[in-house]
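The values are calculated or read from the model by the stated rules, or taken from the named source; none is laboratory data. It should be emphasised that the depicted structure is a prediction, and the values quoted were computed from it without experimental measurement. Here Cβ is always computed from backbone atoms with ideal geometry, including for glycine, and neighbour counts include all displayed protein chains.
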Amino acid sequence: MNNTQLYPFERNRYYPRKRMSSGDFTAEQTYMNNKRRFLNGLMYGSGVVCGLGVFSLDDLSFLVESGVAIDGMGREIVVETSDVKKLSAIEGFDSLRTNKASLCLKYKEDDVHKVYAIDQDDPGAEFQYNRVREGYTLFLMDQEDIPEVYEMESEFLLSSVLYSSMNYMVTFRMPASACRGHVIRAEVIIEKISDENVSLTYSAKLQTPTFTSAEGMNYIDVEINDVFLSMGEKTVLDYWMDTLDSPVNNTNIILETGSAKAFENDVACEVPANFMMEVALTNLKPRQLVNREIGRMNLEMKNIGGQGDYIRLADFSLVRTESAYIIEDVTEATVKQYVAVPAQDLKRGDYLEYFIKEADIHQPKIRTAASDVQADAAAGRKSAFPEIATGLVEIPLGEDARRGDIFYSGEILHGLGKGNVYVEVGYELISDDTNKSSNLKSTIYGSPDIFGKEQKSVVNAETAVRVLNDKGSFVVGARLLDAVDFLVLTYRWVAIRFPSGEEISDESEIVGASISPEMPTVRMLTKESHYFGVRFEGMEPCSVSYELTDENSGDITADGVYTAPAKAGVYEIRIFCTDMPKICTYAYAVVEKKGLEDRPEESSAEQPALGGGSAQMIGGLVR
């Protein structure tokens with residue numbers, strides 16, 4: 001492979017009367033070519049840019065359409081016209097050992113345009129080629145000889161085994177970081193690792209404290225029913241979840257105690273008793289998170305991965321006869337790798353609209369700042385904090401404005417909705433900053449003449465604001481106290497909306513509202529973990545907090561994953577609404593050291609003495 005090292009870059013340095021040789025001109029071309037190919041590889045990667053479809057014409061020949069590709073070294077490969085080829089005439093055909101072959105495209109240079117050369121050091125070199133033509137060549141190779149491109153292990157995805165046997169492996173995989181308020185996809189991958197004639201049935205419940213399904217549940221039901229795969233074959237199950245806006249920095253996904261069951265050919269198999277995966281939570285948006293992960297790979301890591309100097313176009317299934325190979329089938333879809341070209345983004349977006357539903361529950365919500373308050377109000381969310389909006393308003397004065405004249409602004413929407421809103425305005429001033437030789441912006445609220453001695457450009461005027469409560473807008477009026485030469489007055493307005501008496505919550509609002517644990521009583525072994533999910537009754541779902549009522553009774557995370565202590569016993573967990581601690585409930589963990597196989601099914605009815613049902617606090621503790 002020629003020209004594998006594209007950098008470091010070195011270009012000609014010119015100076016007066018520099019003598020240029022063929023090596024200097026070659027260096028000039030090499031610099032420009034390598035710089036372009038280097039950027040091609042970084043910006044686009046390798047693959048097919050357009051065209052290059054492969055079609056079987058008959059048993060012995062095929063067609064390659066015109067098109068463009070970029071190989072792993074960033075070189076452009078252009079097939080200018082469609083090309084019909086005989087299978088037996090392709091390079092590598094005589095070396096095929098199997099009936100599975102791959103058709104590949106490779107960059108090629110040819111010396112062309114032979115000319116007479118003068119001033120040759122070698123008298124025998126009378127002619128030279130005057131040009132280099134960039135072209136391509138096609139070749140065949142056995143599919144089993146296609147090298148695997150080594151990829152550096154990425155920290156973007158977490159993967160852990162749910163079930164493993166001599167025949168099957170079931171793996172759970174999802175991103176290592178989740179974006180608060182956005183959806184995330186988890187995968188369960190079923191892979192056959194033997195050639196035995198065996199089917200798999202597997203079920204488990206994965207508890208997801210900070211993630212909810214489309215049905216609002218804090219768990220994933222994994223159901224694999226009588227799956228039969230061939231050796232090396234994989235099946236992937238997708239699970240979409242919403243990431244809650246939780247204050248915790250990390251959350252755990254755990255296997256619910258006793259929920260995992262596996263059968264191979266209807267024979268029960270041993271399953272792991274514990275499974276836990278820790279996922280980080282971030283405020284980054286998904287695109288920011290992905291860009292950060294992709295951009296962190298350095299040049300050494302990219303070079304270790306390596307890229308081929310050819311493009312794989314199609315796979316052929318061949319039938320061997322006494323005299324030749326016959327083309328039985330041509331496969332492109334799973335073989336070709338395409339380059340995502342920015343120029344095709346518009347068309348790509350148009351096509352994707354046929355597969356992406358705008359109203360899908362998993363699409364991110366996009367809201368403007370002005371509509372946030374109204375959207376929150378529509379969703380029934382109430383806040384004890386004031387809502388604030390701000391902006392600029394200009395009041396035109398016209399010519400010959402005199403002392404005592406009154407001028408008004410137009411009607412301005414403050415964006416805080418209808419109701420009682422307080423609006424204040426201040427004179428917006430831009431003056432010279434003598435210390436930094438630049439402009440200094442400031443706002444004067446109240447009487448501007450107090451600062452008139454310091455700032456000669458301050459307009460002395462008194463202002464008033466008329467708030468139109470039923471329209472959600474206001475008008476600013478200004479009376480000039482001195483004559484001015486300005487044509488426009490600029491004011492900064494600030495609007496504040498405090499909750500009304502009806503919006504301020506009191507204890508009466510929580511009457512009828514309660515929470516209860518999904519499993520009030522849980523039997524578990526020492527050091528085992530369990531997530532205590534919560535049901536909401538008579539209220540909207542909200543953030544909940546957890547605490548242990550006794551010391552040395554285990555550990556519980558902020559998102560409700562309880563880990564039993566080393567000592568057997570009955571331990572109490574208090575669960576309460578973070579913003580309304582008076583609404584609370586209790587759950588109990590019965591921890592034992594003996595095996596779990598003979599314990600009864602977990603049910604709140606079996607533990608009446610532990611009282612795990614819903615509870616609420618109204619003016620005092622109710623348990």
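Brief remarks on what is shown
- Selection from the stretch 310-351 of residues that are touching a Gly at 6+ places or on another chain (Cβ under 6 Å) and surrounded by fewer than 17 Cβ atoms within 10 Å (Cβ to Cβ): GLN337, TYR338
- Any hit, the stretch 123-145, residues being within 44 Å of the chain's Cα centre (by Cα) and hydroxyl-bearing (Ser, Thr, Tyr): yes
- Verdict on VAL64 being among the β-branched types (Val, Ile, Thr) and either within 14 Å of TYR310 (Cα to Cα) or not assigned by TED's automatic domain parsing to the domain that holds VAL319 (or both): no
- In summary, SER203 fulfils each of the numbered conditions (1) under 30 Å from GLU256 (Cα atoms); (2) surrounded by 16 or more Cβ atoms within 10 Å (Cβ to Cβ); (3) not hydrophobic (A, V, I, L, M, F, W, C) with the single exception of condition (2).
- Number of residues in the stretch 240-263 that are more than 18 Å from MET169 (Cβ to Cβ) and of a type outside the set (S, T, N, Q): the value is 11.
- Checking every residue in the stretch 577-590 against the condition of being within 32 Å of the chain's Cα centre (by Cα), of a type outside the set (Gly, Ala, Ser) and buried (at least 20 other Cβ atoms within 10 Å of the Cβ) gives at least one match.
- Only one entry in GLU187, GLU134, GLU191, GLU223 is surrounded by 15 or more Cβ atoms within 10 Å (Cβ to Cβ), of a type in the set (Asp, Glu) and assigned to a strand (DSSP E or B), namely GLU191.
- Qualifying residue in the stretch 97-116 (condition: assigned to a loop (DSSP other than H, G, I, E, B), within 23 Å of PRO8 (Cα to Cα) and out of contact with any His (no Cβ under 9 Å at 6 or more places or on another chain)): no
- Residues located in the stretch 1-52, provided they are over 30 Å from VAL330 (Cβ atoms), outside any loop (DSSP other than H, G, I, E, B) and among the small types (Gly, Ala, Ser): SER22, GLY23, ALA27
- Residues in the stretch 391-427 that are loosely packed, with under 15 Cβ neighbours inside 10 Å and either within 24 Å of ALA483 (Cα to Cα) or not assigned by TED's automatic domain parsing to the domain that holds VAL476 (or both): LEU392, GLU394, PRO396, GLY398, GLU399, ASP400, ARG402, ARG403, GLY404, ILE406, TYR408, GLY410.
- Search result, residues across the stretch 55-69 that are more than 18 Å from ARG320 (Cα to Cα), out of contact with any Asp or Glu (no Cβ under 6 Å at 6 or more places or on another chain) and touching a residue at least 40 places away in the same chain (Cβ under 8 Å): PHE55, ALA69
- The residue that is surrounded by the fewest Cβ atoms within 10 Å (Cβ to Cβ), counting only those in the stretch 65-96 that are assigned to a strand (DSSP E or B) and over 37 Å from the mean Cα position of the chain (by Cα), is VAL84.
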